[in-house]
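Encoded as structure tokens, the structure appears first; notes follow it.
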Amino acid sequence: MFEDGTIFNELFIERLNYIIYVILLLIGLHGMIAKNNLIKKLIGMSIFQTAIILFYVSVGVKEGATIPIYLPEHDPHGSHVTNLEENSSSEESHGPVALDADLVKGYANPLPHVLMLTAIVVGVATLGLALALCQKIYQGYGTIEEDELLTKIERQEMRSNPSVAIKSMDSSKMTTVKLEKSVSKPKVSSSPSTQRPNAKLKAEAKTDSSTTKVKTSRVKSVSSKTKPMASKSTTTGSRASKSTTTGSRKSSAKPNTAASQSRTKAKPKPKAKPKASAQKTTASKLKSRTPKK
Amino acid sequence: MKKISLIPVLVVGVLLLYAADDFPEWGNPTAPASASSLSSHFISNTGVDTEVPNMVTAVLADYRGFDTMFETVVVFIAGMAVLAILKGSSGPFSKNKKYTSSIEPDLIVTNTVRLLVPVIQIFSFYVLAHGHVSPGGGFQGGVVMGASFIMIALSWDLETALVRFPLDKCFLVAALGIILYGGIGLLSMFLGGEFLDYAELANILPVSREMARYHAMLGVEIGVGLTVTAIMFALYANLSTEGKLKGGL
Amino acid sequence: MGLELFNTMILLLLVVAAIVALRVKDLLTASVVFAVYSFLMCLLWAEMGAVDVAFTEATVGAGISTVVMVATILNLKRKSSD
């Protein structure tokens, strides 16, 4: 089965490294493209990276070669183990000599190793940077799922536009566009907390009106996000303690955010109500406008 | 989305598998990558030029020293960027974890770590300094050293580790590593050679030109090790606490 | 022959580990499986003669990057939708 020349040998022994590198690269690429979770995307990126490193290393392999460190007989300092007496006189005369071509074949190719060694270390630095960006995204939007993230950003843009319109109507003075923007800026920063009840309403409305457009799975994940997660995590025994702590943390965090919502809501409430009503009328118009922005 | 994404993936896969047929056989010593004049020059002349037995270290720190220097700078910049992103960051969804000091660190864990950390740190020095004759070098030694500090942070808490290695010192050490690397390069330039041409250091060191390269490589590796140590620990300290440097795992 | 079998086995395990790391829904499990993947990769490189690369991957890929990833995941949500 493993004799030279057979198809099996050709394919699975001599080229197996290349085939596996292609497969790993495809797995990583698919992970980067198709996975929703940002951490999963990063794992896909790392797999992609290691696949390319595997390719480089397997290109530089020599059959029957040793590692790229000089054997004692070629080592400039290494002959001290063997005959010291013989060498002591002659060592200063000849010193280390360059290896000839036959001996070069006995050592693995060091060049790909060097290139890939630095690539690995830079890879972990960029991975850390990407993870920091993930944490920043989570702090801003509360999710690292790509589809939820995109819908939240879309909603935020939709929300920021009518608020600008209302502001300009409310203000009795004729203000310049520049001033308007500066007024609306704190609004944007505090918007996620005020948005959420509206967002929930929106999602429910969406399920009623346009179920064909929105995938049912996504709606499920948006509307009933907390309940199934808690039940699922408590069923697994080993993580029970962790999940309960996170659950309790979550539940303790919820009232806080709710309180902050009500507190922040107290001021813009008169504004928020008409906003919601006005939004329904302007939403269809704005939908066509937002992509341009 | 998933179905659509399969199309480019499969196209790339077919192209790569088609190209894989042209690759040299696995382990063929006459393959273009192995038979090139550059790699055979490195293998045959490293011992003559630098007297370093480990060719990878010699190529990394000497022949391709410029490359390694800027790889180190990339690591440094990544650490600074993480600090810049996470320092003082907060949003509507940031977890306002209360720092609870009520949980005592486990006795068995801390005592084991107390025994292990000195051994790990000595091992990291060995890896760094012995990188000329065995696998190892600045990157590996630095990462092992950083891992020892991360181990302290994991077994006690982050504050305990930060007392031993404060974050501002961290970046000072990281910058010091790069300055050491660049300084050796500049010194060899001022002594009449080119940038990172370590052989010129023989003018001030009481060794031959080859051994000057040998010892300059050690200095360069120490610089790399300092930077990597500091940045690895800074990465962990910032990422585990969302930049607050309190509490942690 | 024995080395080839070793090589083949590790290569197949690598594919399994990569698929599992991307398919599993718990991100903590995914990062640990990714550490396993990194360590298998390290074994493979050591077998191919790239000892320095293997050493780096053992310390960086299986060590630091896993720790950093776990530290991040505990600050985020642990569950993934896919």
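Here are a few things to note about the model shown:
- Listed residues B:N203, B:V113, B:G243: farthest to the positive end of the dipole of the stretch B:110-243 (Cβ charges): B:V113
- Total charge dipole magnitude, chain B, about the Cα centre, Cβ charges on Lys, Arg, Asp, Glu only, Debye to nearest 20: 1240
- Computing FRET efficiency as 1/(1 + (r/R0)^6) for C:F6 and B:M189, where r is the C-beta to C-beta distance and R0 is 51 Å, gives about 0.60.
- In the context of the full protein assembly, A:H77 retains an accessible surface of approximately 70 Å², using a probe radius of 1.4 Å and ignoring ligands and nucleic acids.
- Solvent-accessible surface (1.4 Å probe) assigned to C:S81 amounts to roughly 60 Å².
- Chain B: calculated mean residue ellipticity at 222 nm from DSSP helix runs of at least 4, using -39500 (n - 2.57): -22500 deg cm²/dmol
- FRET efficiency, B:S90 to C:V16 (Cβ-Cβ, R0 41 Å, nearest 0.05): 0.50
- Compared with the alpha-carbon gap, the fully stretched path from B:D67 to B:Y126 is longer by 18.8 nm at 0.36 nm per residue.
- Ligands, DNA and RNA excluded, the heavy atoms of B:S40 present near 30 Å² of accessible surface to a 1.4 Å solvent probe.
- Relative contact order (percent, whole number), the stretch B:110-243, Cα cutoff 8 Å, 6+ residue spacing: 29
- In the B-C interface, the accessible area buried, summed over both sides, Å² (probe 1.4 Å): 1700
- Alpha carbon Rg of the stretch C:2-73, scaled by the compact-globule rule 2.2 N^0.38 Å: 1.14
- Remark: the stretch B:110-243 carries a charge dipole of roughly 280 debye about the Cα centre, counting +1 on each Lys and Arg Cβ and -1 on each Asp and Glu Cβ.
- A straight line joining the Cα centroids of the stretch B:180-211 and the stretch C:36-51 runs 36 Å.
- On full extension, the segment bounded by B:V119 and B:I204 gains 27.1 nm, given 0.36 nm per residue less the C-alpha separation.
The values are calculated or read from the model by the stated rules, or taken from the named source; none is laboratory data. Since this is a predicted model, take the numbers as computed values, not measurements. Because the Cβ atoms are built from the backbone with ideal geometry, glycine has one as well, and the counts that use them run over all protein chains shown. Calculation scope for accessible area: heavy atoms of the full protein, side chains included, ligands and nucleic acids excluded. Shrake-Rupley method; radii C 1.70, N 1.55, O 1.52, S 1.80 Å.
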